[in-house]
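Quick notes on the structure that follows.
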């Protein structure tokens, strides 16, 4: 199975094709969801931006209501309107996929400014950011709300008391995604992956085939919303845990739902229902009284399902799904609802000195997979793009994909189509090994696991890819990440450092004989790999695709006449690896 974490070599043949066509695809749509009786105000439009080239914005007080760039003079730019929220390169760069002109986007922070009215009756409200790449600092009406690190997970602030009643609210966000300049000692002549990466961000600084050295996505790229509620709100990610008995005759479904109450402690009635999908037949329900304290409470319950339908891949029994619907009604009249799709299945990764093998529902599964990377900018990818690509994957026999973090639609489609996902974090190759960075990595990777753990398609977490350590097990952040993954999700196997075949906590192989490792593809004959999660070879796009972008065609002018030969070699290499 070729599923590179940072180096998507198997799909390199189509990578430049993705790049060339990506500019024609629509931006990602806001994900659906339910907040019970809440009112949601969309804050995606009407923003203004400026780049703070001297990184002096906080000293200058850009977050103040009376601040104006004309007071500072020509040392800072004017506010510039943007039509929507997306990565700034997509909004402002004529060519957002390659070229040194892109580097200025990351040489200084960007500031966002938005004014919006307070909705009627908004006593309690949550300001929710679905994604800011990469560091964010947020002010509302001149009050610092807080900071956040990460590019793919959401974060939020309670802002009801800060909302203005007599004038528009002023929202200010500082976003930055800086370049790294530290080169690992002794590795100055090596490829760019020896740059020490201070951000947990896998799509950054690859410079390998289709993630070029000048690309470092930045900006508020997912929706921003103001959620007006009645004092009872979700306070974290719902966690669903399923357990199946040995005969698969019964499944126990339990959940933990963090909720927050902004009023005095009170009783509430929780109703939980499970429905089969598709069809919507109710298969289990429970109703119970719970006590909500002021602040955050973990609401828990369990349900039993007889003769559960197990989730599996499309080439086996197929993907069976269920829907959990929750309704929480406080004694004081407040209410909250949630709806989540999940699956019931078991997954195991057996690792010994001679075997590394996945088992799905107690049976070994033969992974026919690829790495999947639809675009450098996730704000460019919508549900239709995922559906097209994943349908094509199934048509050619793929039942597994290895990915960095994707939009919610990707995982929902994999759940429904029966494609297993090997989920990578964004720690690749070389990064700091001090305690402070380890703590940051645990927070970012933990947020990924909490966000995605209800998807049955995900069969493992890969925490680090090809860390260049002689004794990786002794280096921060590997052990801390492993412990956190097991704590948050003991139901799935975890690969600590992909490509470390000698580690019992990893066990998978990255084998590039016949391509990047030299030699010919037949060199693998007679050898065995316990679990090959990376192999393949770089290959260019077809001449027709390359010529869509003339710069690419010029760069490949000596290669394009041999494309058919190179594609044939790549086909034979991949086929040979899969069979062996």
| remark: Checked against (1) buried (at least 19 other Cβ atoms within 10 Å of the Cβ); (2) at pLDDT 90 or above; (3) outside any helix (DSSP H, G or I), residue 563 satisfies every condition except (3)
| query | Any residue in segment 47-60 that is touching a helix residue (DSSP H, G or I) at 6+ places or on another chain (Cβ under 7 Å) and within 19 Å of residue 179 (Cβ to Cβ)? | reply | no
| Filter result for residue 519 (assigned by TED's automatic domain parsing to the domain that holds residue 366, surrounded by 16 or more Cβ atoms within 10 Å (Cβ to Cβ) and either outside any strand (DSSP E or B) or on the phi < 0 side of the Ramachandran plot (or both)) | no
| remark: Among 449, 504, 458, 413, the single one that is closer than 28 Å to residue 354 by Cα, free of Cβ contacts under 8 Å to residues at least 60 places away in the same chain and not assigned by TED's automatic domain parsing to the domain that holds residue 196 is 458
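Report yes if some residue within segment 350-366 is part of a loop (DSSP other than H, G, I, E, B) and under 25 Å from residue 234 (Cα atoms); otherwise report no.
Step one: filter segment 350-366 for residues part of a loop (DSSP other than H, G, I, E, B), giving 352-355, 361-362, 365-366.
The next check asks that each one be under 25 Å from residue 234 (Cα atoms); those that pass are none.
Within segment 350-366, not a single residue is part of a loop (DSSP other than H, G, I, E, B) and under 25 Å from residue 234 (Cα atoms).
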| Of the residues 182, 156, 130, 147, which is at pLDDT below 95 and touching a strand residue (DSSP E or B) at 6+ places or on another chain (Cβ under 9 Å)? | 182
| query | Restricting attention to segment 145-171, which residues are out of contact with any helix residue (DSSP H, G or I) (no Cβ under 9 Å at 6 or more places or on another chain) and not in a strand (DSSP E or B)? | reply | 159, 160, 161, 162, 163, 164, 165, 166, 167, 168
| Which is touching a helix residue (DSSP H, G or I) at 6+ places or on another chain (Cβ under 7 Å), crowded, with 22+ Cβ neighbours inside 10 Å, touching a residue at least 12 places away in the same chain (Cβ under 8 Å) and more than 30 Å from residue 121 (Cα to Cα), of 215, 253? | 215
| said: Conditions first: (1) assigned by TED's automatic domain parsing to the domain that holds residue 463; (2) out of contact with any helix residue (DSSP H, G or I) (no Cβ under 6 Å at 6 or more places or on another chain); (3) not in a loop (DSSP other than H, G, I, E, B). Residue 554 passes all but one, so which condition is the exception? | reply: (1)
| residue 310 is checked against (1) surrounded by 19 or more Cβ atoms within 10 Å (Cβ to Cβ); (2) more than 29 Å from residue 396 (Cα to Cα); (3) under 31 Å from the mean Cα position of the chain (by Cα) and fails just one. What number does that condition carry? | (2)
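Under the condition of being out of contact with any strand residue (DSSP E or B) (no Cβ under 6 Å at 6 or more places or on another chain) and not in a loop (DSSP other than H, G, I, E, B), which residue from segment 134-144 is farthest from residue 448 (Cα to Cα)?
143
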| said: Filter segment 316-337 down to the residues that are part of a loop (DSSP other than H, G, I, E, B) and out of contact with any helix residue (DSSP H, G or I) (no Cβ under 9 Å at 6 or more places or on another chain) and list them by number. | reply: 316, 317, 318, 320, 331, 332, 333, 334
| query | Taking segment 530-580 on its own, how many of its residues are closer than 26 Å to residue 507 by Cα and in contact (Cβ under 8 Å) with a residue 40 or more places away in the chain? | reply | 17
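The values are calculated or read from the model by the stated rules, or taken from the named source; none is laboratory data. Since the structure is predicted, the reported quantities are computational estimates derived from the model, not experimental observations. Every residue, glycine among them, receives a Cβ derived from its backbone with ideal geometry; neighbour counts consider all protein chains shown.
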